[in-house]
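The values are calculated or read from the model by the stated rules, or taken from the named source; none is laboratory data. All figures in this text were calculated on a predicted structure; none of them were measured in a lab. Cβ sites come from the backbone with ideal geometry, for glycine too, and all protein chains shown count toward neighbours. For accessibility, only protein heavy atoms count, side chains too; no ligands or nucleic acids. Shrake-Rupley method; radii C 1.70, N 1.55, O 1.52, S 1.80 Å.
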Amino acid sequence: MTAPSATTGRFAPTPSGDLHLGNLRTALVAWLSARAAGGAFVLRIEDLDPATRNPDIARRQLDDLSALGLDWDGDPTWQSHHLDRSEAAVERLTAEGRTYPCWCSRAEVRAATLAPHERQLADGATLPPGTYPGTCADLDAPGRARRARETGRPPALRLRAGGIRVAVADRLAGEVTGVVDDLVLRRADGLPAYNLAVVIDDDAAGVSEVVRGADLLSSTPRQAHLADLLGLPRPSWLHVPLAVGPDGTRLAKRHGAATLRDLTTTGWTPRQITGLLATSLGLTESVGAVDPTRLIGDFHPASLPPDEWRVVPELLHPPGRPRPVA
Ligand SMILES: [Zn+2]
């Protein structure tokens, strides 16, 4: 356990597949941010969903981080080993009258979010698309019994958030305000929802700064609201712009060589890949092998590039090797 005043950063991969360049780049930023502050850096395997509980993939992810020269403090933790902590938070919020059961299926929620919302925010605006409109929020006891009978399945448990606006501060994006809808806290299968588990597990690990991909920026107001309700300190947030393929869509396998293994097969060394990532972050000028400890001294989060990183094929040609003649 680190002292509460010290910085603790983290990286929390989901073991659903090998880390691609965008994930590795985010891990490098998270590691640099923690180490530049003289802080600890911890790893958490986000294997909440049974479909992603693959220890072999998790170990490959850890190996890849090590190969890049990123180290961590203590043993990695496994989200699936600590579900009881999140469940305790669900029970506490329920005891405070802040939750309600919801029997809506995924398809029903999707249909409801597409329909115009009747429910309004406190300031008169309607809930934005994609937010849960509170279909089950006001069911009385007979109404709940009817839904349970009709659906024949256990309910999820939702937070009675009421669509409030919550502002968060991001170290790169600045202040971001989002609407917090009645998000799921406990899924119908009994597992804690991601938005809750991430808040609980970060707090349990003493995490004071969260550095992760920009795709999670929109979830941050929800997580901040949960931390506030549970009386937990908010961490600081830095959302790293995503890596995208040549077509501008999120980097994926279809874009070709994208993982550390893909690149080492074509002749890259892991430290050259660290160099490629460092160049993309404006931390080094010329591509070449880089020991990440050499980047710590000059790391300033505010000077990170604010735009997505477009991974074009020319970037992935191994350094020092002759280029094929077109
Ligand atoms: Zn519902």
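A search for C-beta distances below 9 Å between a residue of the stretch 97-112 that is under 12 Å from Arg153 (Cβ atoms) and any residue that is assigned to a helix (DSSP H, G or I) and near the ligand (Cβ under 9 Å from one of its atoms), counting only pairs 6+ apart in sequence or on different chains, returns Pro101/Arg147; Cys102/Val109; Cys102/Arg147; Trp103/Arg147; Cys104/Ala112; Cys104/Arg147. Based on this model, can you work out whether Val207 counts as β-branched (Val, Ile, Thr), out of contact with any Cys (no Cβ under 7 Å at 6 or more places or on another chain), assigned to a loop (DSSP other than H, G, I, E, B) and open to solvent by less than 40 Å² (accessible area, probe 1.4 Å)? Judged against the criteria, Val207 is a match.
Comparison of Asp307, Asp262, Asp291, Asp298 shows that the only residue that is in contact with a Leu (Cβ under 8 Å, 6 or more places away or on another chain) and charged (D, E, K, R) is Asp298. Sort out for me the strands (runs of 3 or more DSSP E) sitting completely within the stretch 128-199 that have 3 or more residues that are modelled with pLDDT under 95 and either more than 12 Å from the ligand (Cβ to nearest atom) or open to solvent by 40 Å² or more (accessible area, probe 1.4 Å) (or both). Output list reads 174-180.
Candidates in the stretch 46-99 are the residues that are among the basic types (Lys, Arg) and within 21 Å of the chain's Cα centre (by Cα); of these, the one that is modelled with the lowest pLDDT is Arg53. Residue pairs whose Cβ atoms lie under 9 Å apart, sitting 6 or more positions apart in sequence or on different chains, and linking a residue in the stretch 240-252 that is of a type in the set (Ser, Thr, Tyr) to a partner that is surrounded by 15 or more Cβ atoms within 10 Å (Cβ to Cβ), are Thr249/His255. Between Trp268, Trp237, the distinction of being surrounded by 15 or more Cβ atoms within 10 Å (Cβ to Cβ) and assigned to a loop (DSSP other than H, G, I, E, B) belongs to Trp268 only. Filtering the stretch 253-263 to residues that are without any contact (Cβ under 8 Å) to a residue 24 or more places away in the chain and surrounded by 15 or more Cβ atoms within 10 Å (Cβ to Cβ) leaves only Asp262.
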